[in-house]
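Worksheet: one structure, shown below.
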Ligand code: BGC
């Protein structure tokens, strides 16, 4: 199978005009540095796209570190709230077909929800930034240039979402700002050489932008001083009918992927890319999540191999019939993990007292394929010194009136 270079330096090496264009357009994100955030009431109107994000306290961690919550607003009144703890998207207000704004994200009102023993035990990663390697690395082991590395094991003898203490549990440095597209929040984090066993000091920048055309755009950039695997994503759980439906089974999903990565019992890819045709994994035309989920033991928790792997392309389209809400996910990543909240079991109660039971939300985690460092035929995930990792994913919201 072809490789899908995602690094700008590598793309240039391939001499592809298309890839170069994608790289340079992706890297134009500009945000004006802001040292202070606007007073809370200036964004409350949601009237101006040029206003700065607001900030408020989100509580403290166990060691007393203050956690901030930033809220980005666009001219249509959409609001995205992001916490410095885990760079977590904690709420996202989008309109339904009657224009009513509601929160479509699972999460908590205060950082204490994300720190609670119940949340740590369940490990759902609600809305968090995921790294250094999103999804699984088999046996937490990989070899680069003849040297074998062992990273944190936290999932049936494998490493999931960065290991024992991933980027989801780090306090990020935040800088609110604006760009031509809308309000922005720039988050930075330095993952030190050896953290969770990974090689190299990895400097990570993530920019959230809430655009005038109702997209929440996330730009991820990273550089390193030693070759290391990198696979960054966001772990938001969506329920476009939050408050009206306790599960997401009626949501209609389309994923433009003719194949998915087959996994073993512990969700580690076998290396096989299997056609979806004739299986419950075929979302090339719209299907309700609940239509065939019973045929998939445990529920959907797989990586789809997107038909288009480079440039910005669709990863999924979602339509919720009761509210009319739609969500289009676009990315430059080759894969998407479609996970239907199979492990949610009612042990967590979130915002507005909602109990999160099985299938209370779904995730569309744009990514390189799981366990790529151990699968030579999968697209490359090793970032080398001198290269720049850059990837962009957007979640665009709309409504369908009938
Ligand atoms: C994984 C699931 C896991 C979930 C929460 C998803 O990305 O594929 O298996 O349960 O994250 O940890």
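Bear in mind that the values in this text are calculations on the coordinates, not laboratory data. Note that the structure is predicted; figures quoted are calculated from it, not measured. Cβ: placed from backbone, ideal geometry, glycine included. Neighbour counts: every protein chain shown.
Mean separation of Cα pairs under 8 Å and 6 or more residues apart, divided by the residue count, gives region 8-399 a relative contact order of 17 percent.
Based only on other Cβ atoms within 10 Å, what is the fewest-to-most ordering of 268, 382? Write out the running numbers ahead of the final one.
Working: 268 22, 382 16.
Placing the least packed residue first, the sequence is 382, 268.
In plain terms, the residue of 217, 192, 351 with the fewest other Cβ atoms within 10 Å comes first and the most crowded comes last, giving 192, 351, 217. Mean residue ellipticity at 222 nm, helices only, the chain: -2000 deg cm²/dmol; runs of at least 4 DSSP H residues each add -39,500 (n - 2.57), and the sum is divided by the number of residues.
For the chain, modelled as a GNM whose springs connect Cα atoms under 10 angstrom apart, the maximal fluctuation among 291, 365, 328 occurs at 291. Using a Gaussian network model of the chain whose springs link C-alpha atoms within less than 10 Å, name the residue from 168, 371, 181 with the highest mean-square fluctuation. Highest fluctuation among the options: 181.
Overall dimensions of the chain, expressed as equivalent-ellipsoid semi-axes from the Cα gyration tensor (√(5λ), whole Å, largest first), are 29, 25, 22. In whole percents, the pair-distance distribution calculated for region 48-104 from its alpha-carbon pairs, binned every 10 Å from zero, is 23, 44, 25, 7, 1.
Running a GNM on the chain with Cα contacts under 10 Å, which residue among 318, 336, 296 ends up with the highest mean-square fluctuation? For the chain, modelled as a Gaussian network with Cα springs under 10 Å, the answer is 296.
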